[in-house]
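S.K.: This is the structure, below, for whatever I ask next.
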Amino acid sequence: MADDKKLPTRAEDFSAWYNEVVLRAELADYSPVRGCMVIRPDGYGIWERIQRGLDDMFKATGHRNAYFPLLIPQSFLSKEAEHVEGFAPETAVVTHGGGKALEEPLVIRPTSETIIYAMFAKWVQSYRDLPLLINQWANVVRWEMRTRLFLRTLEFLWQEGHTAHATHDEAEAETRKMLGVYRTFMESFMAMPVVTGRKTESEKFAGALRTYGCEAMMQDNKALQAGTSHNLGQNFAKAFELKFQTESGGTDFAWNTSWGVSTRLIGGLVMTHGDDKGLRVPPRLAPTEVVIVPIWRSDDEKARVLEAAHKLVAELGDYALGDARLRMHVDARETMKPGAKYYEWELRGVPIRLEIGPRDLDKQQAVVVRRDSGEKKFVPLATLGAELKATLAAMQDAMLAAAKERREAHSIRGAITWAKFKDVMDGEGAFVYAGWCGDPKCEAEIKEETKATIRVLPDAEFRTPDAPKSCLKCGGKATEEALWAKAY
RNA sequence: CGGGACGUAGCGCAGCCCGGUAGCGCACCUGAAUGGGGUUCAGGGGGUCGCGGGUUCGAAUCCCGCCGUCCCGACCA
C-alpha cells in the first residue's frame, strides 16, 4: 500500500478519491497498454458476484449462455448502416495473421450483434425456433480517447444478451423485461437505486429502434449509465437475412433485442457507496461478508483465539451450507497489529468485522462492527450466526435506503427556470426532472451550454415521446418529461 | 487532434536555477521485542535519473530532437 495513509476526501476531489480507492483497495491496476485495465482478485471477486446474481436471473427468464468469436469480419459491421457509423471510429482492427496481411481485416468486437445475428440466421428456420434467447459473457474492445478505471477502458468485460422474436411486441416486451431484471439486480444486490426509462434519439444505440437505460446517481451528483436494453427492430435481421417461416406460411424477418451491463458496474458501486475510509460493498455483493480479526498478546492466547475463529468459520462459513453459508475470512497475519488490519479491511469495504480477543472468549462473546455505520456491538457467541445474518440483511437494506435518500435529496422536481438549471449544472449538479424539447437541436444546445444531457425519459409505461414537448430553455415549463444530468 | 503540466528505486517526492558521478519517506528483506484502532528498534537489498544526440575534463542538472504519462476540451458503456 502507498505510504500516504489518508485518501483524498470525496468532497475535495471526487475523481482523485475514486482513483485512490480503486487502486488502494486493489480492485484494479493500470496495464502496460494505455487505457487497458488489470482487474485484480478483489475486483474480480465482485465481478464474480455480479455474474452469479445476473446469471441466475437470466436463467430464470429462459436465457442460455453461449460464446461467439472475438474477431469479426470488417464487412459484417458495415451491413447495418447506423451500426457501422456508430462503432467504426472506435474499433481496433487486426490486419495481419500468421505474418501475412489478411485479405479482409478483422475487427475486434466492440459488441457482437453482427456475428451473433449472422449465426442466428443459420439457426432459425421457422417460428417454432423462436424466441431464441442467448446471453454471452465476454470481453469487448472500444478505442476510447480518454479512459478511467472501470468506467471507460479500452477493453472491458460485460454480458450481452441477444434474442430473436417473431413479433415486434414480443421483442419490445423482452427489451423492457430485461431492463427490469437489471433494475432489480442493481437495487437488490448492489443497493444502487436507478432511474429507468427510454433514451432519446441522440443517446440511442447505433442500429436500434429504441433504447432503454438504467441511470444511477453517483456521489458527485453525476449520472452513470449502468445498463442498457435495446429493441433492435428488424434492422439487423434485414442486414443478416435472419428470416423465418411464419405460422401462416409466409416469411418474415425476426425482431431482435440486445442488452448489456459491464464491469462499469464496479465503478458505479465505488462511486455510490464509497466513503472517506474507502470502499463499502453491500453484503449480497461482497466476496467476503465477514472478516475475523483475532487479537492476542501471547502464543497461548493466539492459539486460543485462532481456534475459536476457525471454529466459527467451520460452523458458519462451511461450503456444505450452500447459499446459507456466510462468506468469511480469518485475518491471521502475524506481523500486522489489529488496528492496521481494521483500516485495511475498511478500505476494502468488507461489510462486517468480527473482533475476537481473549477478553471476549472469557465472556463467550465477539465484537461485531458494521462497515456502513461503524456501529459496534458485543454479541454472545451462542447467537452470533443469527446476529450476523440479521445484521448483513439490515445493512443491505440500509445501504439502498441511504443511496435512495441521497439521490432524492439531490433531485429537483417541479418548476425550474433556465437560469436556475444552468446554475445547478455549473455547480453541484443534480438529477433534474424537467421538460424537454422535441427538437433535437434543443437538447444539443443545452448540452453545449451546461454539459447536461437527457439521461432517460422516465416513465413506468415508457411512453413514446414522439410529440414535441415544452422546451426547458425557451419556456422552462415545469413538467417531468425528462431526467437531465451531467453524466460519466 | 487542440491547451497545460510532468517523466529520478515498487509508490510518493527532493536534487536541476548555480554541472562534480544520486538522496528522503513509505513499501520490501533479516532479527528481536510488541499486539483491543495505522508498532518500535537495529541491520539490509533495490536506480540504464524516459530515449537519442550535443556542449564539457565531467551531465539527473545546460542545449536540441523524439517518446511517454496525466489533467482540461472534442468522443464514449
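S.K.: Where residues in the stretch A:346-365 are among the β-branched types (V, I, T) and outside any loop (DSSP other than H, G, I, E, B), which of them is farthest from RNA strand B (Cβ to nearest atom)?
M.R.: Taking the stretch A:346-365 and keeping what is among the β-branched types (V, I, T), we get A:350, A:352, A:356.
Checking which are outside any loop (DSSP other than H, G, I, E, B) leaves us with A:352, A:356.
Values: A:I352: 12, A:I356: 7 Å.
Ranking the qualifying residues of the stretch A:346-365, first place goes to A:I352.
S.K.: Is it the case that the stretch A:147-156 has a residue that's more than 25 Å from A:F76 (Cβ to Cβ), of a type in the set (A, V, I, L, M) and modelled with pLDDT under 95?
M.R.: Yes, the stretch A:147-156 contains at least one residue that is more than 25 Å from A:F76 (Cβ to Cβ), of a type in the set (A, V, I, L, M) and modelled with pLDDT under 95.
S.K.: Right, next: Return the pairs, sorted by first residue and then second, in which the second residue is in a loop (DSSP other than H, G, I, E, B), the first residue lies in the stretch A:100-124 and is of a type in the set (S, T, N, Q), the beta carbons are less than 7 Å apart, and the residues are 6+ apart or on different chains.
M.R.: What qualifies is A:S112/A:F68; A:T114/A:K79.
Condition check ((1) surrounded by 18 or more Cβ atoms within 10 Å (Cβ to Cβ); (2) touching a Ser or Thr at 6+ places or on another chain (Cβ under 8 Å); (3) more than 30 Å from A:T114 (Cα to Cα)) across all residues:
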site: A:P8; (1), (2), (3): no, no, yes
site: A:Y18; (1), (2), (3): yes, no, yes
site: A:L23; (1), (2), (3): no, no, yes
site: A:A28; (1), (2), (3): yes, no, yes
site: A:I39; (1), (2), (3): yes, yes, no
site: A:I50; (1), (2), (3): yes, no, no
site: A:G62; (1), (2), (3): no, no, no
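S.K.: Which residues, counting only those in the stretch A:1-36, are more than 9 Å from RNA strand B (Cβ to nearest atom) and within 20 Å of the chain's Cα centre (by Cα)?
M.R.: If the condition is that a residue be more than 9 Å from RNA strand B (Cβ to nearest atom) and within 20 Å of the chain's Cα centre (by Cα), then A:F14, A:W17, A:Y18, A:E20, A:V21, A:V22, A:A25, A:E26, A:L27, A:A28, A:D29, A:C36 are the ones that fit.
S.K.: Return the total of residues in the stretch A:127-164 being within 8 Å of RNA strand B (Cβ to nearest atom) and within 16 Å of the chain's Cα centre (by Cα).
M.R.: 9
S.K.: Sticking with this structure for a sec: Across the stretch A:310-345, what is the number of residues that are away from RNA strand B (no atom under 12 Å from the Cβ), in a helix (DSSP H, G or I) and free of Cβ contacts under 8 Å to residues at least 60 places away in the same chain? Let's see the steps before the verdict.
M.R.: The initial filter retains those residues of the stretch A:310-345 that are away from RNA strand B (no atom under 12 Å from the Cβ), namely A:310-330.
Those left that are additionally in a helix (DSSP H, G or I): A:310-316, A:319-324.
Now narrow it down to the ones that are free of Cβ contacts under 8 Å to residues at least 60 places away in the same chain: A:310-311, A:313-314, A:319-324.
Residues in the stretch A:310-345 being away from RNA strand B (no atom under 12 Å from the Cβ), in a helix (DSSP H, G or I) and free of Cβ contacts under 8 Å to residues at least 60 places away in the same chain: 10 in total.
S.K.: Would you check if A:R304 is surrounded by fewer than 23 Cβ atoms within 10 Å (Cβ to Cβ) and within 16 Å of RNA strand B (Cβ to nearest atom)?
M.R.: Working: surrounded by fewer than 23 Cβ atoms within 10 Å (Cβ to Cβ): yes; within 16 Å of RNA strand B (Cβ to nearest atom): yes.
Yes, satisfied.
S.K.: Oh, and also: When only residues in the stretch A:403-420 that are in a helix (DSSP H, G or I) and surrounded by fewer than 17 Cβ atoms within 10 Å (Cβ to Cβ) count, which is modelled with the lowest pLDDT?
M.R.: Taking the stretch A:403-420 first, the residues in a helix (DSSP H, G or I) are A:403-409, A:418-420.
Checking which are surrounded by fewer than 17 Cβ atoms within 10 Å (Cβ to Cβ) leaves us with A:404-406, A:408-409, A:419-420.
Values: A:K404: 97, A:E405: 97, A:R406: 96, A:E408: 95, A:A409: 96, A:A419: 85, A:K420: 88.
Across the stretch A:403-420, the extreme among qualifying residues is A:A419.
S.K.: For the stretch A:172-220, enumerate the residues that are of a type in the set (G, A, S), more than 19 Å from A:D459 (Cβ to Cβ) and either surrounded by fewer than 24 Cβ atoms within 10 Å (Cβ to Cβ) or in contact with a Phe, Trp or Tyr (Cβ under 7 Å, 6 or more places away or on another chain) (or both). Write out each step before concluding.
M.R.: Going through the stretch A:172-220, the residues of a type in the set (G, A, S) turn out to be A:173, A:180, A:188, A:191, A:197, A:202, A:206-208, A:213, A:216.
Checking which are more than 19 Å from A:D459 (Cβ to Cβ) leaves us with A:188, A:191, A:206-207.
Passing the criteria: A:S188, A:A206, A:G207.
S.K.: Could I ask something else about it? Of all residues in the stretch A:245-264, which are farther than 30 Å from A:M190 by Cβ and surrounded by fewer than 24 Cβ atoms within 10 Å (Cβ to Cβ)?
M.R.: Going through the stretch A:245-264, the residues farther than 30 Å from A:M190 by Cβ turn out to be A:245-255.
Scanning the stretch A:245-264 gives A:Q245, A:T246, A:E247, A:S248, A:G249, A:G250, A:T251, A:D252, A:F253.
S.K.: Counting only residues that are more than 16 Å from RNA strand B (Cβ to nearest atom) and either touching a residue at least 24 places away in the same chain (Cβ under 8 Å) or in contact with a Lys or Arg (Cβ under 6 Å, 6 or more places away or on another chain) (or both), how many does the stretch A:165-210 have? Full working, then the answer.
M.R.: Step one: filter the stretch A:165-210 for residues more than 16 Å from RNA strand B (Cβ to nearest atom), giving A:165-174, A:176-177, A:180-181, A:184, A:187-189, A:191, A:193.
From what's left, either touching a residue at least 24 places away in the same chain (Cβ under 8 Å) or in contact with a Lys or Arg (Cβ under 6 Å, 6 or more places away or on another chain) (or both): A:165-168, A:170-172, A:174, A:176-177, A:181, A:184, A:187-189, A:191, A:193.
Number of matching residues: 17.
S.K.: Which of (1) within 8 Å of RNA strand B (Cβ to nearest atom); (2) closer than 29 Å to A:I266 by Cβ; (3) at pLDDT below 95 is the odd one out, the single condition A:K376 does not satisfy?
M.R.: Result: A:K376 fails condition (3) only.
S.K.: Right, next: When you go through (1) more than 14 Å from RNA strand B (Cβ to nearest atom); (2) in contact (Cβ under 8 Å) with a residue 40 or more places away in the chain; (3) surrounded by fewer than 19 Cβ atoms within 10 Å (Cβ to Cβ) one by one for A:L388, which number turns out not to apply?
M.R.: (3)
The values are calculated or read from the model by the stated rules, or taken from the named source; none is laboratory data. Nothing here was measured: the structure is a model prediction, and the numbers come from that model. When we count neighbours, we look across all protein chains shown, and the Cβ atoms used for this are built from the backbone with ideal geometry, even at glycine.
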